[in-house]
Amino acid sequence: MPRIQHTIILETASSTNTYAAEHADMLPRPTLIVAKEQTQGLGQRGNTWDALPGDITASLIVDIPAGPNGTQAVAPEYSFVLNQVASLAVCEALAALGVSAQVKWANDIIVSNRKICGLLISTALKGDALHSAVIGYGLNIAARPQSPAHYAPPAIGLNELVASHVDSAQLAESIAERIIKQLDRLAHSEHDEIHAEYLAKLFWREGYHPFSIHATGERIEARIVGILPSGQLQLELRDGQRRNFLFRELNHCIA
């Protein structure tokens, strides 16, 4: 897969993912879109992404690579692997700065039980095949002494974790390049290796922990058994019962 072919720097945007979706057909692949100011950042479950000056708000438009012999590298029903490659890319970029991060299923990157980055991915089909994706990432640079009420877990900024100055533009590009390299692994059928690396980075991978079911508020204690190819989180309750959850159905109860 090629390196970044085109970069767009916006002084302000409502959302880089929205801009990417509106202009995707006119742009080469991969294209990186970065906004210096984002006014209506998108998050999961209808939440907003609250960016501060200096934070990274970016979206990468990519084509989905073909697999060996022109086969489909990513089936539409297994598009969660895009979350996995993006999560690994962000963790790699942070590790290069000396920051150890974990993945909180399904779209958050956390450090010391606090959220530093969120992902938002949309895909497009061509016929019945997954054709392209917009991979959005918002990474906190500025310190977060206090988080908005809807943040769970509370937020943290990279400036709280590293002593040296962080160049937001360079880090946004570094993450994009790492996403592209991770996507190239799909073309070489490294799905199992990617999945194993993702599980190794998974927050609360060991032991029993409290979760709540989003629709009812019911609290359960369970351990993570694994993640299905569809992206569902598989939990085992203390009585041995196993249940699968979509990311909209479950919350981590982080104290």
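The values are calculated or read from the model by the stated rules, or taken from the named source; none is laboratory data. Fair warning: this is a prediction, and the values are worked out from it, not measured in the lab. Glycine also receives a Cβ, built like all others from the backbone with ideal geometry; neighbour counts cover every protein chain displayed.
Here are a few things to note about the model shown:
- Total residues in the range 95-107 satisfying the condition of being within 15 Å of Tyr198 (Cβ to Cβ) and touching a residue at least 60 places away in the same chain (Cβ under 8 Å): the figure is 7.
- Taken across the range 132-139, residues that are outside the structural domain of Gly226 (by TED's automatic domain parsing), touching a residue at least 24 places away in the same chain (Cβ under 8 Å), in contact with a strand residue (DSSP E or B) (Cβ under 7 Å, 6 or more places away or on another chain) and assigned to a loop (DSSP other than H, G, I, E, B) do not occur at all.
- For the criterion of being of a type in the set (A, V, I, L, M, F, W, C), in contact (Cβ under 8 Å) with a residue 60 or more places away in the chain and assigned by TED's automatic domain parsing to the domain that holds Pro53, Val162 passes.
- Any hit, the range 210-220, residues being surrounded by fewer than 15 Cβ atoms within 10 Å (Cβ to Cβ), of a type in the set (A, V, I, L, M) and in contact with a strand residue (DSSP E or B) (Cβ under 9 Å, 6 or more places away or on another chain): yes
- Selection of the range 63-74 for residues being under 27 Å from Glu22 (Cβ atoms) and surrounded by fewer than 21 Cβ atoms within 10 Å (Cβ to Cβ) yields Asp63, Pro65, Ala66, Gln72.
- Scanning the range 18-67 for residues that are modelled with pLDDT of 85 or more and β-branched (Val, Ile, Thr) yields Thr18, Thr31, Ile33, Val34, Ile56, Thr57, Ile61, Val62, Ile64.
Quick grid of which residues meet (1) over 23 Å from the mean Cα position of the chain (by Cα); (2) at pLDDT 95 or above; (3) assigned by TED's automatic domain parsing to the domain that holds Glu77; (4) not basic (Lys, Arg):
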{"residue": "Ile224", "(1), (2), (3), (4)": "no, yes, no, yes"}
{"residue": "Leu235", "(1), (2), (3), (4)": "no, yes, no, yes"}
{"residue": "Arg238", "(1), (2), (3), (4)": "yes, yes, no, no"}
{"residue": "Gln241", "(1), (2), (3), (4)": "yes, yes, no, yes"}
{"residue": "Arg248", "(1), (2), (3), (4)": "no, no, no, no"}
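- Flag if Ile110 is farther than 22 Å from Ala187 by Cα, part of a strand (DSSP E or B) and of a type in the set (A, V, I, L, M): yes
- From the options Ala215, Ala169, residue that is of a type outside the set (Lys, Arg) and free of Cβ contacts under 8 Å to residues at least 60 places away in the same chain: Ala215
- Restricting attention to the range 221-255 and to residues that are among the polar types (S, T, N, Q) and in a strand (DSSP E or B), the residue that is surrounded by the most Cβ atoms within 10 Å (Cβ to Cβ) turns out to be Asn251.
- Any hit, the range 145-152, residues being modelled with pLDDT under 95 and either outside any loop (DSSP other than H, G, I, E, B) or closer than 13 Å to Thr57 by Cα (or both): no
- Screening Ala129 against (1) over 21 Å from Gln232 (Cβ atoms); (2) within 12 Å of the chain's Cα centre (by Cα); (3) not β-branched (Val, Ile, Thr) leaves a single unmet condition, (2).
- When we screen Ala142, Ala163 for residues that are surrounded by 15 or more Cβ atoms within 10 Å (Cβ to Cβ) and in a loop (DSSP other than H, G, I, E, B), the only hit is Ala142.
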